[in-house]
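To keep things clear, I will list the structure first and then write my remarks on it.
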Amino acid sequence: MSSSNASNFEQIPVVDFSLLDGSLEQRNELILQLREVCHEVGFFYVTNHGLSRELCDRTLEVAGDFFALPMEAKRALDYRQSPSFRGYMSLGCENTGGRTDQREQIEFGVEAPPLPPPPDLPLPPYTRLCGPNQWPATEHCADFRPTLEEFMAGMEQLSRGLMRALALSLDLSEDYFDATFGDSPNVQMKIAKYPPLQALENGGVDEDGVPLLGVGAHSDSGYLSLLLQDGKGGLQAQNGAGQWIDVPPLPGAFVVNLGEMLQLATDGYYLATVHRVQNLPGNAPRISVPYFFNPRLDAFLDPVSLPQSLTWARPAPARESRTHDGENKFFQEYGANAFKSLARSHPEVMRRHHGDLFNIEDK
Ligand SMILES: O=C(O)CCC(=O)C(=O)O
Ligand SMILES: [Fe+2]
């Protein structure tokens, strides 16, 4: 999916979330702004979001401390040990569009008890996405886990609030999406470190002289993505003319963007905008904390009934082309999509932990 439906935006709009609790007029203003921004840009900053600046600073600080650990302490948390695809990925473990991403990261999810060992791993396959996180030993980073858990709890609350505001922005009831997430949304969070340009191999270009990227151009796959970034910059979103627009750090704000499943669920009314990260010149790496708020694994995704009152800034897709039948693969259980995309990205985890699934047809 691409952002070619986005407007030719030149900057990223700012949404003051506290207006939701303001006067009726302010609330309506916020809801209409969200509608316009999600329809035309698919990216925005959210301010006055309820998480303290102190917690955000502390989160970035413990993230930096983690990456500064000796490589052996980080490798002890290698994601290939985890049937749930969680843990540390060193630089070079990930690629986008066949090119290696120039970042290292550690991925987390909702904390859950360990899975039974093979051959007793549960079915359907997506139930295997539940499991424990891999945390660094406390002697290495005592504040790491409590800080990230506090941050994740705050982000979950904010995400639920944003989804309610997005429901209102589509003229739906405020609780429209609540059941999609239930008590167990599929949350993924990572902390990522992007080395500065100077630290990259071969002067930061590939063998054809094309600049390497922290993360290549992509759109996020789920519903809602929130991002805490430090002050360095490098994130860019692509507008409808194909131009890369900077999404510079805005102190105190999170960047919010929408994913492909929400785009599909809204018949393309809301956009999953393509974005990428450049490694910028500088002395220090960039740290970011992407947080993905996605449906519960057993949710069946139904298309939203869009109200007639919505106006389209671009031609609405023909009604027949809309995917209201069960044929579109997106509209099976959400968990099946989530497992499939991780399985494709991490064949080594599949080989080590989920060999039994190779006999199961495209589930
Ligand atoms: O680190 C960032 O700024 C964005 C990362 C991103 O787009 C992703 O992980 O999906
Ligand atoms: Fe992304």
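Every number here is computed from the coordinates shown, using simple stated rules; none is lab data. These numbers were taken from a predicted model, which means no experiment stands behind them. Backbone-built Cβ (ideal geometry, glycine too); neighbour counts: all protein chains shown.
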Legend entry - Note, ³J(HN,Hα) from phi for the stretch 279-286, Karplus 6.51, -1.76, 1.60, rounded to Hz, x at Gly and Pro: 7, 9, x, x, 9, 10, x, 8
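Length gain on complete extension for the stretch T311 to E10, per 0.36 nm per residue less the alpha carbon to alpha carbon distance?
Working: separation 301, 0.36 × 301 = 108.36 nm, distance 2.19 nm.
The span from T311 to E10 would gain 106.2 nm if fully extended.
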Legend entry - the stretch 280-317 residues near the modelled L172 label - backbone nitrogen below 18 Å, point 7 Å along Cα→Cβ: 293-312, 317
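Could you list E61, E25 so that the one with the fewest beta carbons within 10 Å of its beta carbon is first and the one with the most is last? If you can, show how the numbers build up before the last one.
Details: E61 15, E25 9.
If I rank by nearby Cβ atoms, fewest first, I get E25, E61.
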Inset, instruction - Between N202 and F300, with labels modelled 7 Å along Cα→Cβ, what's the label distance in nm to one decimal, could you check? - result: 4.9
Inset, instruction - Work out from phi, with θ = phi - 60° and the Karplus expression 6.51 cos²θ - 1.76 cosθ + 1.60, the ³J(HN,Hα) of each residue of the stretch 257-265, listed in order in whole Hz, and give x for Gly and Pro. - result: 9, 9, x, 5, 6, 6, 4, 5, 5
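Multiply the residue gap between A112 and L280 by 0.36 nm, knock off their C-alpha separation, and tell me the result in nm, one decimal place. Spell out each step's value before the answer.
Values: separation 168, 0.36 × 168 = 60.48 nm, distance 3.71 nm.
Full extension from A112 to L280 adds 56.8 nm.
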Legend entry - Kyte-Doolittle at least -0.5, axis length at least 20 Å by Cα - qualifying DSSP helices, the chain: 53-67, 144-169
Inset, instruction - Just rank S288, S184, fewest to most, by other beta-carbon atoms within 10 angstrom. - result: S184, S288
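So if each residue of separation counts as 0.36 nm, and I subtract the Cα-Cα distance between L32 and S345, what length gain in nm does that give? Display every interim value, and only then the final one.
Details: separation 313, 0.36 × 313 = 112.68 nm, distance 3.74 nm.
Full extension of this stretch gives 108.9 nm more.
Calculated from DSSP H runs of 4 or more alone, at -39500 (n - 2.57) each and per residue, what is the 222 nm mean residue ellipticity of the chain, nearest 500?
Numbers: 8 runs with 92 residues, N = 363.
It comes out at -8000 deg cm²/dmol, rounded to the nearest 500.
Cross-link list K74/K232; K74/K190; K74/K340: which exceed 21 angstrom alpha carbon to alpha carbon? Spell out each step's value before the answer.
Numbers: K74/K232 23 Å; K74/K190 14 Å; K74/K340 26 Å.
Checking Cα-Cα distances, K74/K232; K74/K340 exceed 21 Å.
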Legend entry - Computed label-point distance, nm, for sites R352 and E25 using a 7 Å Cα→Cβ extension: 6.0
